[in-house]
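What follows is a set of notes on a single structure, which appears directly below.
Here, each number is a calculation from the coordinates, and none is a lab measurement. Predicted, not measured: the structure shown is a model, and the values here were computed from it. In this analysis, Cβ positions are derived from the backbone assuming ideal geometry, glycine residues included, and neighbour counts consider all displayed protein chains.
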Amino acid sequence: MKKKLFLYVASATIVLTVIFGLVALLKFHTSKKDHTSNPPPPLETNITAVSGLVISGGNTTPEGLSDAPRNFVYAVKEEGGSLVNVSYTAYPPSTAGNDQKAILDFEEGIVNIGNYIEARGRFNKESNTVVVGHEGDYLKSFAEKPIN
């Protein structure tokens, strides 16, 4: 009788050990699978490059804000005749570092009406605006259209 009870307890212990081991393995495998099966976030598909003649625009920052980022919006007439806005934010110098991620390159130091610009940024359909401001974005202005 004691021998049967001992065998029963030993068998139950082995079965429970195997079950707990399988559960732990399954949890590990599932958690590992969840981390590796999640695809990376999709690349942004609304990145657009535009070029054309600046027909209007400039600084849209409200008056009285000193040492604040400056917002600029320009209306650009593309070579095909369509109109699109191009906007960017210029950040003042800071001891904390440069917040400007986009490349701003202005031949005359500023963007003037009549300049030719090339821009790359995220396109906002609702406002028909290319927003220049992320890493890899750029806004370049030229006194006249560059010859390629």
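Taken along the Cα-to-beta-carbon direction at a fixed 7 Å, the label points for Ala90 and Asp105 span 1.8 nm.
With K and R counted +1 and D and E -1, the other residues having a Cβ less than 15 Å from that of Gly58 yield a net charge of -1.
Using equal-weight Cα scatterers in the Debye expression, the normalised intensity of the stretch 47-142 in log10 at q = 0.10, 0.11, 0.21, 0.22 Å⁻¹ is -0.25, -0.30, -1.07, -1.16.
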